[in-house]
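Structure first, commentary second.
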Amino acid sequence: SSLNDKLLDGEEVDVLVIGGGISGASILRELSKYKLKLLLIEKEADVAMQSSGRNDGEVHPGVDLKPGSKKQHYVLLGNAMYDNICKQLDVPFRRCGQFALFTKTTTFPLIWAYSHQKCRQNCPTGVILRHQLAKMEPNLTSRAKFALYNPTAGVVSPYVLTIAYAENAIQNGARVVLNCQALSMELAEGKIKSVLTNRGRIYPRLVINCAGVFTEEIAKMANDRYFSIHPRKGTIAILDKKANFQIRGISSIRHLNEPKNTKGGGIIRTIDDNVLVGPTATETYLKEDFTTDQEAIDKIFKKQIQTSPQLKKSDIITYFSGIRAATFEEDFYIEKGRNTMNIIHVAGIQSPGLTTAPAVAIDVERMAIELLSETKKVSKNKDFNPIRHGIPRLKEMTDLDRKEMIRKNPDYGIIVCRCEEISKGEIIDALNSPLCVPTLDAIKRRVRPGMGRCQGSFCSPLVAQIIAEHQGISLDQVKKSGLDSNISYGHIGGKSNG
């Protein structure tokens, strides 16, 4: 971050969480059940800016994970928690089911046996035949002879869930500081004494390392590095909502001889009714390489056109890439430090990290309270409220509710984003939320203006104007995302016209 101030200098906290992805935000929220001074720092300009915002939002059924692995253990627990957690945090979630399609009848006995084995491992799955598949997913390839059906799979918006967790933690007394990067640590007697950031030196009793692809660097600072992260890049294409007739849930064609880590990806209908295609899986040494290239898009389409023959590149509205924080063991590290006593690592969190997060957070909460209790009694926060109210979604209301909403708040009657039908009222509510980030991209993630077909061509200047008015700043001070992402550089020719 280009920001250097003393905002946090000398700050003493019980727990410092490093990293504002789904792991850090969910852990912060669970720890806010206690009377503790909690601080989360995130180097980016918002939470969920890296892996937690750059994935397909699938809540995994856990059918393809190795029995006995941490991933398998947490995916089943996490998946089961989703209905309740999304209800508490007012986050849209849908169990849509996942289909792995097979085109050769010769593989049927093997897949049938596999599904029985998985059911015995508490992972509900079954085999469905062509006629059943045609009823459930009528527009997928007619070449599919049967499918492995996983009913517990679902979809959620990963960044909306991360934001909701962070907001609920803030409502319960935690603090989130953005544009704040851990730079070094001061160690003494096998413990972290302080953490230096670009915003001052922090003195924590306990550090929780949730830094995604940078967990290894944080572990190194803490003299506790015993794992390494090798980044794996994935690219995803987002299709227009008009293409969503092709699919109701999550589907992909499968071949038995596929290499292990090529997430050949799939086709997924998101919680917002777009269609995502992908992701790819390519090893890289760059931890923040979010570039997209033609080759990746071609690869995705070549594979997934076999799943849905009606897939068209002309339906793409945008694409993005993310980096998975894989370890060489391809499993999670969720444990206390080995050398350094007051650190907990939450590392190697790649797919299905979004699904596992609610369950991992509960375990890390327990570990943190155990460690903190060694030096001081930890008491419950009697005022803890697990309920967070999201921003009303005008588009999803009945005509009657919409009328009532506009009567109460006329700003809800002014449509700013035509593609996604987002009102001025929703944008202002996002600016008044517990974690206010007054940038174009942050508003887009919270309430979706700019997420539609035109990708903000129409609404971006209007949203920028609303942000400027709300924050009492000039239009050229409104940023797109980070502190250095200027949208405009003031007026040319000196004269201002408002």
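The values are calculated or read from the model by the stated rules, or taken from the named source; none is laboratory data. A quick note: this is a predicted structure, and the numbers were derived from the prediction, not measured. Here the Cβ positions follow ideal geometry from the backbone for every residue, glycine too, while neighbour counts run over all protein chains shown.
Evaluate the following for LEU36: is it outside any loop (DSSP other than H, G, I, E, B) and crowded, with 21+ Cβ neighbours inside 10 Å?
Taking the combined requirement at face value, the residue does not satisfy it.
Determine which member of the set LEU435, LEU483 is among the aliphatic types (A, V, I, L, M), in contact with a strand residue (DSSP E or B) (Cβ under 7 Å, 6 or more places away or on another chain) and within 23 Å of VAL176 (Cα to Cα).
Residue meeting the stated conditions: LEU435.
Can you tell me which residues in the range 358-377 are farther than 17 Å from MET341 by Cβ and more than 28 Å from the chain's Cα centre (by Cα)?
Passing the criteria: only LYS377.
Quick one: which of TYR203, TYR165, TYR159 is aromatic (Phe, Trp, Tyr), farther than 26 Å from ARG94 by Cα and at pLDDT 95 or above?
Within the list TYR203, TYR165, TYR159, the selection yields TYR203.
I'd like to know if the range 423-435 contains one or more residues that are modelled with pLDDT of 95 or more and touching a His at 6+ places or on another chain (Cβ under 6 Å). Even if it seems obvious, please write down each step before you answer.
Taking the range 423-435 as the starting set, the residues that turn out to be modelled with pLDDT of 95 or more are 423-435.
Narrowing further to those that are touching a His at 6+ places or on another chain (Cβ under 6 Å): 431.
Within the range 423-435, one or more residues are modelled with pLDDT of 95 or more and touching a His at 6+ places or on another chain (Cβ under 6 Å).
Any chance the range 18-32 includes a residue that's part of a strand (DSSP E or B) and surrounded by 24 or more Cβ atoms within 10 Å (Cβ to Cβ)?
Checked the range 18-32: at least one residue is part of a strand (DSSP E or B) and surrounded by 24 or more Cβ atoms within 10 Å (Cβ to Cβ).
In the range 141-164, which residues are surrounded by 15 or more Cβ atoms within 10 Å (Cβ to Cβ), within 30 Å of ARG445 (Cα to Cα) and not hydroxyl-bearing (Ser, Thr, Tyr)?
ASN150, ALA153, GLY154, VAL155, VAL156, PRO158, VAL160, LEU161, ILE163, ALA164
From the list GLY212, GLY234, which residue is at pLDDT 95 or above, under 22 Å from the mean Cα position of the chain (by Cα), crowded, with 20+ Cβ neighbours inside 10 Å and assigned by TED's automatic domain parsing to the domain that holds ASP298?
Every option except GLY234 fails the conditions.
Only one of GLY450, GLY482 is within 18 Å of TYR159 (Cα to Cα), small (Gly, Ala, Ser), modelled with pLDDT under 95 and assigned to a loop (DSSP other than H, G, I, E, B); which?
After ruling out the rest, the residue left standing is GLY482.
Give me the residue from the range 207-233 that is touching a residue at least 24 places away in the same chain (Cβ under 8 Å) and in a loop (DSSP other than H, G, I, E, B) and, out of that set, farthest from GLU370 (Cα to Cα).
Checking each candidate, the answer is SER228.
Can you find a residue that is in a strand (DSSP E or B), out of contact with any helix residue (DSSP H, G or I) (no Cβ under 6 Å at 6 or more places or on another chain) and small (Gly, Ala, Ser) anywhere in the range 190-206?
yes
Residues that are of a type outside the set (D, E, K, R), out of contact with any helix residue (DSSP H, G or I) (no Cβ under 8 Å at 6 or more places or on another chain) and at pLDDT 95 or above: list the strands (runs of 3 or more DSSP E) wholly contained in the range 240-328 that include at least 3 such residues.
Fully inside the range 240-328 and qualifying: 316-327.
Scan the helices (runs of 4 or more DSSP H) fully inside the range 50-148 and keep the ones with 3 or more residues being within 26 Å of PHE245 (Cα to Cα), free of Cβ contacts under 8 Å to residues at least 60 places away in the same chain and not aromatic (Phe, Trp, Tyr).
On the way: elements: 70-88, 108-120, 130-136.
Passing ranges, in order: 130-136.
Would you mind stating whether GLY78 is crowded, with 21+ Cβ neighbours inside 10 Å and either in contact with a helix residue (DSSP H, G or I) (Cβ under 8 Å, 6 or more places away or on another chain) or more than 22 Å from HIS389 (Cα to Cα) (or both)?
Yes, satisfied.
Are any residues in the range 282-330 within 29 Å of LYS70 (Cβ to Cβ), surrounded by fewer than 20 Cβ atoms within 10 Å (Cβ to Cβ) and aliphatic (A, V, I, L, M), and if so, which ones?
LEU286
Just to verify a result, which residue in the range 174-186, among those that are surrounded by fewer than 16 Cβ atoms within 10 Å (Cβ to Cβ) and more than 15 Å from ALA211 (Cα to Cα), is farthest from the chain's Cα centre (by Cα)?
Ranking the qualifying residues of the range 174-186, first place goes to GLU186.
Is it true that LYS376 is basic (Lys, Arg), part of a loop (DSSP other than H, G, I, E, B) and either farther than 30 Å from ASN179 by Cα or in the same structural domain as VAL47 (by TED's automatic domain parsing) (or both)? Steps first, answer last, please.
Values: basic (Lys, Arg): yes; part of a loop (DSSP other than H, G, I, E, B): yes; either farther than 30 Å from ASN179 by Cα or in the same structural domain as VAL47 (by TED's automatic domain parsing) (or both): yes.
When the stated conditions are applied, LYS376 passes them.
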